[in-house]
């Protein structure tokens, strides 16, 4: 499947926030589950590093956010509920990394992400995409403290 990346806009943000609902236990990822996440997602100031992802039929299938810390391109991502569990996650992750590397001309050594520790399905996808588990940590979100897994992938440089 081919993925196409477009700058986030209000139309895409509304569809993701208000039309994407996940079944338990993944409802944790519904954007309406956390006011701060929802507010940040709708902040146009963040849209220069947030991208809607469409498929070849121009359907909105996901999104990626990018940030940068010393030595790491940080990614956040979401896949449409109807796309989860279909084996498309690995290609989606690899496409998002490739887009971020090219779009931001990133020359650092690693790509990093954090995922809720209960999300074994996503963790397996990230491991198969070359990420390694770095550590676990607690983070406040969705009105409580939850355990997350920090993952890191070394980027291979072209010779």
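The table for this structure:
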item	result
Subset tally (residues that are in a loop (DSSP other than H, G, I, E, B), over 16 Å from the mean Cα position of the chain (by Cα) and under 22 Å from residue 64 (Cβ atoms)) for region 119-156	3
Filter result (within 15 Å of residue 4 (Cβ to Cβ) and either within 10 Å of the chain's Cα centre (by Cα) or not in a loop (DSSP other than H, G, I, E, B) (or both)) within region 51-76	51, 52, 53, 54, 60, 61, 62, 63, 64
Contacts under 7 angstrom Cβ, first residue in region 6-31 being at positive phi and assigned to a loop (DSSP other than H, G, I, E, B), partner surrounded by 12 or more Cβ atoms within 10 Å (Cβ to Cβ) and at pLDDT below 95, 6 or more apart	none
Inter-residue pairs, beta-carbon under 8 Å, first within 22 Å of residue 111 (Cβ to Cβ) and in region 135-159, second at pLDDT below 85 and not in a strand (DSSP E or B), 6+ apart	141/34
Qualifying residue in region 28-42 (condition: closer than 18 Å to residue 3 by Cβ, surrounded by 12 or more Cβ atoms within 10 Å (Cβ to Cβ) and in contact with a strand residue (DSSP E or B) (Cβ under 8 Å, 6 or more places away or on another chain))	no
Test: residue in region 98-107 that is crowded, with 20+ Cβ neighbours inside 10 Å and within 16 Å of residue 3 (Cβ to Cβ)	yes
Residue that is under 25 Å from residue 23 (Cβ atoms), at pLDDT 95 or above and in contact with a strand residue (DSSP E or B) (Cβ under 7 Å, 6 or more places away or on another chain), where the choices are 62, 100	62
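The values are calculated or read from the model by the stated rules, or taken from the named source; none is laboratory data. Worth saying up front: this structure is predicted, and the values here are computed from it rather than measured. When we count neighbours, we look across all protein chains shown, and the Cβ atoms used for this are built from the backbone with ideal geometry, even at glycine.
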